[in-house]
Structures are given as structure tokens and as C-alpha cells.
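Any read-out appearing in this document is the output of simple, stated calculations on the displayed coordinates, not a laboratory observation. Bear in mind the structure is a predicted one, so any value in this text is a computation, not a measurement. All Cβ positions, even for glycine, are placed from backbone atoms using ideal geometry, and neighbour counts span all protein chains on display.
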Amino acid sequence: MKKDLICIACPLGCRLTARWLNESAIEITGNRCPRGEEYGREEVVEPKRVVTATVRLKSGFLKRLPVTTKRPVPKDKIAALLNRLYTIELSAPVIRGEVVLDMADDGVQVLSSRTVKK
Amino acid sequence: MNTAEFDTLVIGGGASGMAAALSAAEEGWKVVIVEREEFLGGILHQCIHNGFGLHYFKEELTGPEYAERFSDMVESSKITVYLNMTIMDIMKEGDGLTVYGLSMDPGMVRFKVRAVVFANGCRERNRGNIGIPGTRPSGVFTAGLAQRLVNLEGFVPGKECVIVGSGDIGLIMARRMSWIGANVKAVVEIQPNPAGLTRNIVQCLNDFDIPLYLSHVVGKIKGKERVEGVEVIPLENGIQQPEKMFSLECDTLLLAVGLVPDNELARKIGVELNQETGGPVVDSRLMTAIEGVFACGNLLHVHDLVDFVTEESSRCGKFVSEFLIGKRPEKQYRTNPGKNVKYIVPNYYEGARENVFYMRTLIVKNNAILSVKVKGTEIYRKKLRHIQPSEMIQFSLKEEDFKLIKDKGVMEVSIE
């Protein structure tokens, strides 16, 4: 079995091929650097993305607070994460880097990416 | 009317203005930033996605995080900031410049300054600029406006969406609209190649199975009150093929069709504009032909990374400082785009110091060669692993590079 991928580790956009040698051993070709190999392996085993969104904010200044996941999140968990985020309402003050949602079971933490004082 | 005196006034408190102001203030000058919005940071605040700061901070930040790192620095500096203020007029007066700013509070302010930095960014090209025929229903937005509505104001512009333009802004908005629950039907791109980064094609389109129609245009917008759909026409060898037209139903059309430097004020004071960039023509120290008037950031030319905006604008702040202490450049010569080069900024160089250049190519190529020639003699050569029009190229010439020149003159930069 094999799968073609485009590397997103940097702007070069190398065309990668992932080949399953057996159940667990995967060979990545087409990469021009070690980061490409790492990306290719992760992309076929458990693809992950950083998720950024906004949540409702009670503030005299701003209606939506921008937030970001602390680390890349497995792709199949993104929909549930967004649904959770869209139910949240926060109140100012909020500081940048503050944890606004902690889904410990999934290992997902969402942080505020902006400071809103009032 | 209030009158205020400063050494330098910076127009715009986004990434560019903050960097220029900080770097001039560091040299001890009295600096004021005038910002139209009610906060510093500019467009970065609506760019909530990550990918900023990899060059400058060596870590990956979101737009608001990048903005806040700089606004924190401005707040703890001696820089004066006027928010909610629009610059109405600028004129040469005596040895300096007079600038009029207007706001609700404190009203009209007359600024007497010795130097002005234009750092007020871009506008988006809109439907009028690309001339899409059809009716004029609601539901047609520029992509940046839609981004602002979603990310700052908390509105959902529509549910079924078609995007024109595959530049990074169009791609980022395709993902953003998908993540707020809209259905993105297609991205339509007139060129045969995607205009945005490959990583954004993967993360923003492929992840959501959004089709990208290359060499296609939106030929017509349909709908009376609200957008009901668009007609998409393929191009073959640059010619529309109307018999192959197909329709897409949608209630929203986002236009991500490029940015143009917001140069109305600069034009007003008589600054010469560069046809290719839409920004002012500047000398090797980022000064326009009007003494004491500088330009940097997206107002000078559209950058693809904010990190480069910061770098260029910080340099601009240092040039302002040199100007204020009375340093003037040696004789300068033109820099001209040669083969496969769309533009090069700045438009002049001087031989006695390091010169940093930003440029864009017209071609897509791996292992390209950048070559700099002065009157036919090559003084610099650089191998580039991968080039494409959407990725800005940076290089710098050191003082010793210029020693190779016997006869100074026009510099030509080409790519093969």
C-alpha cells in the first residue's frame, strides 16, 4: 500500500510517497530534509493540525476572542473541538496565553491569543 | 486646534508602523504613531491563524500574538500613540512637515514634525477592479472584509460560499469559512498555478475537499436581493471558453483578488509611485523623493510574511534616525528589474554601505540563479532552491560587493 502526500513543513512543498513495508514500518520518499520524513510519517499515522478559532467574549471592547490550540490536534478531533469552542462564553479581562479550554482526556489545550483588559 | 511637535510621525500602527516607530524611538527621537483603529496591531488582529513570526521570533505565532508582542513594546516605550485618528492632510512647511489628524477626541490636531513614515498598508482590490459582470446583490465581500466580520465582529457572512483567487488570503478564508460551518463550494483562480503557498493548498483546501479551479474565471454573478450563484468559465490559452461554462449555487462570493498600497495621502503630497508595486518610489534609505517622507511595509510593496514587514520597517526607523541627525546618502543609482523579475525595492542603491533588497520573480522554478549586474559586470550571484511569484525574495549586498564595480551606474537584477 502507498499514499502520495505534499509536505507542509516548509514552503518547498515536496511531493512525498509513504509506503507500508509491513503493518508498522513506513518508508517515506521524496522528502528533501528530515522534517519531511517526520511530517510524512505523522500524516499517514495520525494527521494533526493547529486549530485557531474565536470564542464569544463579554467585553466593552471586543466581541470575539481569538484562540489557538497549544499544540497540533489530531484531525479527527477538530470538529468536536470547534463545537465545544462555539458554546463557550468568556468575560474580560483575559490575558494572552491563558488556558480557555482544557480537554484533558484528549490532551487538547486551547489558549487565548490576545489580551483584552476590559 | 491642538498643536503637537514631534521628531517623527508614523502613519499606521500595524506591524510596519510599530516596528518603524520602535526603531526610531530607540535612537532617542520623539515619535508619535497615528492609528485609525481603536487598537494597535492593524490587520494582524483579524489574522487569527498561526504561521507568523517563524523568521523574526523563531517560533510560530498567531496574528494577534505577533501584534501584541509589538504593542507591549510600544506601550512600555516613550512613543506617543493617537488611536481612532485619521490623517486628513500632510504638507511641506518650512524645513519640516505639517500633518493634520482628526479624531472624536481630542478633535483636530496639527502635528509639526521633521519626518513622516507612511506605514498605512494596503487596501483590497474589489469587484470593480476585476469587473465581474452580473447583478449587484448582497453577499459579495472582499476576503479581508469577510475575515474581519468573522474574526473581530462575530458575524457569519454566508453559508454557501465561492471564493475567487487562490492567494493565501483566499485559502485561509476557505478554511475559516469551513470551520465556522459554511460550505465552501470552490476556489476559482484565473492563473494556471495556485497563487498561495502549497502548504496552504494542503491545509486549507485539500483537508476540506474544496475543489480548486485553475485557469477559470467567474463570468457572472446571479441573484436579485442576495447572491444565488455564479457562472464559472474555463480559460484555454488565456481565452474564455463560454460553451464550457458551468454554474455553482452559492449565497456568498468572497473576492481574494489582491492588495494595493493605500497611497492616497502619499500621492497628495506629490510622492512618485512605482507602477509595478503601486507603492512609492524610494531611495536606498526608503525615503521618497520628498525630503523627510519615508515609506515601509505593505504600503511600500505587498509582503507575504509579516516578519519581512518588521525587518524592513525597523530598518526604515534607523534611516529616519540618520536623516534626523543630518546624514545624507552618497550618490545613488537606480535598481532595475531585469529578466524574470517583476520588481525590486528599493529603487536606488548606494555603494558605500550594506543594501537590503526585496524582489519578486515572474516565474516558478527550482534551482534558479539570481544575478546582479552593474553596467554589465556581475557583482553578486546567488542560488535559489525554489522560486515562485507569490514568494518574495530577499538578498543583501555588502560594502565589499560594491568594490568590484569600477564604474558605478544602474544595477540590473535578473533570474534564470
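Worth a mention:
- Considering helices alone, the calculated mean residue ellipticity of chain B at 222 nm is -5000 deg cm²/dmol, with DSSP H runs of length four and up weighted by -39500 (n - 2.57) and normalised per residue.
- Largest-first principal axis extents, alpha carbons of region B:164-266, Å: 40, 38, 34
- Legend: ranking of residues B:Cys204, A:Cys10, B:Cys296, B:Cys316 from fewest to most surrounding C-beta atoms inside 10 Å; resulting order A:Cys10, B:Cys204, B:Cys316, B:Cys296.
- Within the same chain, lysines fewer than 8 places from B:Lys224 are excluded, and of the rest, those with a Cα less than 18 Å from its Cα are B:Lys159.
- Residue exposure proxy: A:Ser113, B:Ser23, B:Ser76, A:Ser59, ordered by other Cβ atoms within 10 angstrom of their Cβ from fewest to most, comes out as B:Ser76, A:Ser59, B:Ser23, A:Ser113.
- The calculated P(r) of region B:100-167, using every Cα pair and 10 Å bins from 0, goes 13, 32, 25, 21, 9, 0 in percent.
- Computed over region B:333-416, the ratio Rg/Rh where both radii use C-alpha atoms and Rh is Kirkwood: 0.94
- log₁₀ of I(q)/I(0) at q = 0.06, 0.07, 0.08, 0.11 Å⁻¹ - the protein assembly as shown, Debye sum with one point per alpha carbon: -0.32, -0.43, -0.57, -1.09
- Distance distribution P(r), chain B, all Cα-Cα pairs, bin width 10 angstrom from 0: 5, 21, 28, 25, 16, 5, 0 percent.
- Residue exposure proxy: B:Thr8, A:Thr17, B:Thr335, ordered by other Cβ atoms within 10 angstrom of their Cβ from fewest to most, comes out as A:Thr17, B:Thr335, B:Thr8.
- Per-residue mean of foreign Cβ neighbours for B:187-200 is 2 (Cβ atoms of other chains, 10 Å radius).
- Fraction of beta bridges assigned by DSSP in the protein assembly as shown that are antiparallel (%, nearest 5): 65
- Left without a cysteine partner by the 4.7 Å Cβ rule in chain B: B:Cys47, B:Cys122, B:Cys161, B:Cys204, B:Cys250.
- Long pairs among B:Lys339/B:Lys403; B:Lys339/B:Lys382; B:Lys30/B:Lys58; B:Lys342/B:Lys383; B:Lys331/B:Lys398; A:Lys48/B:Lys365, criterion Cα-Cα beyond 22 Å: B:Lys339/B:Lys403; B:Lys30/B:Lys58; A:Lys48/B:Lys365
- From the alpha carbon centroid of region A:21-75 to that of region B:142-190 is 20 Å.
- Within chain A, A:Cys10, A:Cys33 have no other Cys Cβ under 4.7 Å of their Cβ and so lack a disulfide-compatible partner by this rule.
- The distance separating the Cα centre of region B:107-127 from that of region B:352-374 comes to 30 Å.
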